[in-house]
């Protein structure tokens, strides 16, 4: 019976090809546009590491008052990190910055090339759950001993080592020889928590270098620096490291809430201690900030993305009204047909059921078309705008959502005509 | 025949359908008007003059591999080679490429009895005496740097200079610091040392298109010595693309122990500056166009369907002496009435939607120029959408039309 009704529904839809073609196109395009914009917004506004909301914090230090600017709160200075890093409370610490380094192979078989690098402490990998293909991160001891070890991403591994397990292999960074200890798998994290200031939607850096090597190798910051006055010195790099300039996003993770509270006390003490030597002005805003407020503070979600979602929703509304008009027209045109069914003994309920089957069939067709347009839309976004690559994709929930939204739109658009048509008075139309 | 009462009584028989059409027109009108206005504002923002000859310029970034690199000699060698290459008109070494995303952003602080203290941030680029020609900027008052004024600094340690440094500033920045337009010749403190304004640049853009200070730019006389060097090369416009490949090879030929990390037209930086804007503009235009198309197609489909149901009525009217023209004009008139009501309702929606956008997003108030344009476009396309089905119906022979059910 159901199959018969579906065939009947398809036949009825085919009877008005212009209207049905338009209905399917309109719903497919408008739902497609909505899902494209929504999925981008959805992935941009995602909160990674949400399960660590009570134990993972960004360290905010309020040091630079010279030129009023909020940006200085987003990063810490090198000397503050050095002062804070030996505390035992955090189980993981991630102080890192973006750099650009020259990568070369030992045997000279390839041209050297520059690549984005992240200079970071060992805690970054476990704190942000870096996926490893081979090997793993370096440990605290290796970092303390200034060992030249490196983690590379899978693209660099493909380029330098043909994709094989390269743990233990050597490569040149600048003039120094490094040993590969880990190869990262594809690492999608949106937004990229460890550096929201510089690379919230960036690709995984090509190489990761231990933070302890900063002074030895003079690794310079390629990200944002809030500059402060430097002391006169023969060694400008050292003067920079010792200055009040802030440039390092700094995260700490604790085993428990209690540890976090103890750390807060420690931080208050540190600020007081520094105030005694003339740093950190009174009334300053130094504290631990949890993930969500930190994301909000960095305004990583571009407000135009929300605007586009709203616009797409209005677009869908107009299309739905349009569709409603066309479906009503189609339905009203079938009063005579319905009257014949009624005269032949069909109940009102059967008429409603018939039309519901019809609209469900229509909804499924629209839904599938909408999934296709959504995927096309996202491909288009990816092809045109490289920096959306991390956020432009559909997951299962969004995929199902697309179909459900299409069916609901069809149902709503058809509600009025169905009710109206089932009330048809056969006598009037059968004369 | 063109009586409003006739239309009204016809409408009474299909209230729901007409209501839907009116709501649809009103919403479409509100959305498309706002979208058009936002797109136009985006377009205006994107087409602000850069002040520079970006389409004739090549930007080159070269990074030396060796750590004991003699930057001074290498820069002189590179520039000599570049300048002697046929097709090159001028070449300069700069601290960063203007329109690229990085630049120094010091505070300039003018202190005078007349204006009090005025702080204004802007972009500063270190440049040599050839930069004005290479960039293609206009110095509208004062003078360019001369060779003696160009100092050398280490890139890693440069935070400013001692003494009073001559600078060129854009008229825009000059006016912020000295509102009466008497910036030329003034000396004042900045977060990178004392400066004196020796020349005024007509227009020049800096590093972040979204920042209000995008056109607050100054040139500071100097060359930064370091492994990373930024060259800007002015070429004969039609030879630029060929020169990009040629210079790339020649630079490697001169010194192999370097990496040319980037060599491209300066206009490509402009494209990256406006990548988000152009994404938004494209999305808005696509959605707006599809919306308009759908609205018109919807009217077309509805009219076609409705008229096909009224074939019999039309036949009777024709038999009673109505001309084809009268039938067609009736439907056109009916459409006009409905469209007008829809547009009037839409007008209030245009304003409220715009107010919502202005309060919640960083969007300027609607430019009313586009509203009547959108309305006119809507009316005309709506009439066209009605015209064809109406003509088709009117052309059917009356006898057959009456027999139709």
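The values are calculated or read from the model by the stated rules, or taken from the named source; none is laboratory data. On a predicted model such as this, the values are computed, not experimentally measured, just so you know. Glycine also receives a Cβ, built like all others from the backbone with ideal geometry; neighbour counts cover every protein chain displayed.
State whether the residues of region B:97-105 include one that is within 14 Å of chain A (Cβ to nearest Cβ), modelled with pLDDT of 90 or more and touching a helix residue (DSSP H, G or I) at 6+ places or on another chain (Cβ under 7 Å).
Within region B:97-105 (the criterion being within 14 Å of chain A (Cβ to nearest Cβ), modelled with pLDDT of 90 or more and touching a helix residue (DSSP H, G or I) at 6+ places or on another chain (Cβ under 7 Å)), the answer is yes, since at least one residue qualifies.
Could you run through region B:63-95 and say how many residues are at pLDDT 95 or above and either in a strand (DSSP E or B) or within 30 Å of the chain's Cα centre (by Cα) (or both)?
Residues flagged as at pLDDT 95 or above and either in a strand (DSSP E or B) or within 30 Å of the chain's Cα centre (by Cα) (or both) within region B:63-95 amount to 8.
So which residues in region A:226-251 are surrounded by fewer than 17 Cβ atoms within 10 Å (Cβ to Cβ), modelled with pLDDT of 80 or more and within 10 Å of chain B (Cβ to nearest Cβ), if there are any at all?
Within region A:226-251, A:235, A:237 qualify.
From the list B:116, B:163, B:181, pick out the single residue that is more than 14 Å from every other protein chain (Cβ to nearest Cβ), free of Cβ contacts under 8 Å to residues at least 40 places away in the same chain and closer than 19 Å to residue A:229 by Cβ.
None of the other options fit; the residue is B:163.
Applying the selection to region A:252-283, what residues are in a loop (DSSP other than H, G, I, E, B) and either within 14 Å of chain B (Cβ to nearest Cβ) or at pLDDT 90 or above (or both)?
A:254, A:255, A:256
Name the residue, out of A:378, A:356, A:351, that is in a helix (DSSP H, G or I) and closer than 22 Å to residue A:189 by Cα.
The unique qualifying residue is A:378.
Tell me, yes or no, whether region A:309-324 has at least one residue that is within 30 Å of residue A:73 (Cβ to Cβ), within 14 Å of another protein chain (Cβ to nearest Cβ) and modelled with pLDDT of 85 or more.
yes
What's the total number of residues in region A:207-225 that are within 14 Å of another protein chain (Cβ to nearest Cβ), touching a residue at least 40 places away in the same chain (Cβ under 8 Å) and out of contact with any strand residue (DSSP E or B) (no Cβ under 9 Å at 6 or more places or on another chain)?
0
Looking at B:202, B:236, which is the one that is in contact (Cβ under 8 Å) with a residue 24 or more places away in the chain, in contact with a strand residue (DSSP E or B) (Cβ under 6 Å, 6 or more places away or on another chain) and surrounded by fewer than 21 Cβ atoms within 10 Å (Cβ to Cβ)?
Numbers: B:236 fails: in contact with a strand residue (DSSP E or B) (Cβ under 6 Å, 6 or more places away or on another chain).
Exactly one of B:202, B:236 is in contact (Cβ under 8 Å) with a residue 24 or more places away in the chain, in contact with a strand residue (DSSP E or B) (Cβ under 6 Å, 6 or more places away or on another chain) and surrounded by fewer than 21 Cβ atoms within 10 Å (Cβ to Cβ), namely B:202.
Matching residues to (1) in contact (Cβ under 8 Å) with a residue 60 or more places away in the chain; (2) in contact with a helix residue (DSSP H, G or I) (Cβ under 8 Å, 6 or more places away or on another chain):
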site	(1), (2)
A:49	yes, yes
A:63	yes, yes
A:88	no, no
A:128	yes, yes
A:151	no, yes
A:161	no, no
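May I ask you to list the residues in region B:252-275 that are within 25 Å of residue B:69 (Cα to Cα) and either free of Cβ contacts under 8 Å to residues at least 40 places away in the same chain or more than 14 Å from every other protein chain (Cβ to nearest Cβ) (or both)?
Those that are within 25 Å of residue B:69 (Cα to Cα) and either free of Cβ contacts under 8 Å to residues at least 40 places away in the same chain or more than 14 Å from every other protein chain (Cβ to nearest Cβ) (or both): B:252, B:253, B:254, B:256, B:264.
Please go through region A:252-284 and pick out each residue that is closer than 18 Å to residue A:53 by Cα and exposed (fewer than 13 other Cβ atoms within 10 Å of the Cβ).
Selection gives A:255, A:256, A:257, A:258.
Counting residues that are out of contact with any strand residue (DSSP E or B) (no Cβ under 6 Å at 6 or more places or on another chain) and more than 30 Å from residue B:232 (Cβ to Cβ), which helices (runs of 4 or more DSSP H) fully inside region B:248-326 reach at least 2?
Hits in region B:248-326: B:275-309, B:311-319.
Tell me, which residue of region B:212-233 that is in contact with a strand residue (DSSP E or B) (Cβ under 9 Å, 6 or more places away or on another chain) and in a loop (DSSP other than H, G, I, E, B) is nearest to residue B:271 (Cα to Cα)?
B:214
Go through (1) at pLDDT 85 or above; (2) under 35 Å from the mean Cα position of the chain (by Cα); (3) over 30 Å from residue A:201 (Cα atoms) one by one and return the number of the condition residue A:66 breaks.
(1)
Report whether or not residue B:27 is touching a residue at least 12 places away in the same chain (Cβ under 8 Å) and within 14 Å of another protein chain (Cβ to nearest Cβ).
In short, yes.
Would you mind finding the one in A:190, A:204 that is in contact (Cβ under 8 Å) with a residue 12 or more places away in the chain, within 21 Å of residue A:50 (Cβ to Cβ), in a loop (DSSP other than H, G, I, E, B) and touching a helix residue (DSSP H, G or I) at 6+ places or on another chain (Cβ under 6 Å)?
A:190
If I ask for residues that are surrounded by fewer than 20 Cβ atoms within 10 Å (Cβ to Cβ) and in a loop (DSSP other than H, G, I, E, B), which ones from region A:120-140 would you list?
Within region A:120-140, A:129, A:131, A:136, A:139 qualify.
Could you identify the single residue in A:287, A:342 that is in contact with a helix residue (DSSP H, G or I) (Cβ under 9 Å, 6 or more places away or on another chain) and crowded, with 19+ Cβ neighbours inside 10 Å? Give the steps one after another, and end with the answer.
Numbers: A:287 fails: crowded, with 19+ Cβ neighbours inside 10 Å.
The match here is A:342.
Just to check your reading of the model, which residue among B:308, B:278 is in contact (Cβ under 8 Å) with a residue 12 or more places away in the chain and closer than 22 Å to residue A:24 by Cβ?
Selected residue: B:308, the only one of B:308, B:278 that is in contact (Cβ under 8 Å) with a residue 12 or more places away in the chain and closer than 22 Å to residue A:24 by Cβ.
Anything in region A:174-186 that is in contact with a strand residue (DSSP E or B) (Cβ under 9 Å, 6 or more places away or on another chain) and at pLDDT 90 or above? List them, or say none.
Scanning region A:174-186 gives A:177, A:178, A:179, A:180, A:181, A:182, A:183, A:184, A:185, A:186.
How many residues does region B:292-304 contain that are over 17 Å from residue B:327 (Cβ atoms), facing chain A (nearest Cβ under 9 Å) and surrounded by fewer than 22 Cβ atoms within 10 Å (Cβ to Cβ)?
Result for region B:292-304: 2.
I'd like the full set of residues that are within 12 Å of chain A (Cβ to nearest Cβ) and either touching a residue at least 12 places away in the same chain (Cβ under 8 Å) or buried (at least 21 other Cβ atoms within 10 Å of the Cβ) (or both), limited to region B:316-361.
B:338, B:342, B:346, B:349, B:353, B:357
Need the failing condition index for residue A:383 against (1) in contact with a helix residue (DSSP H, G or I) (Cβ under 9 Å, 6 or more places away or on another chain); (2) assigned to a helix (DSSP H, G or I); (3) more than 10 Å from every other protein chain (Cβ to nearest Cβ), just the number.
So the condition that residue A:383 fails would be (1).
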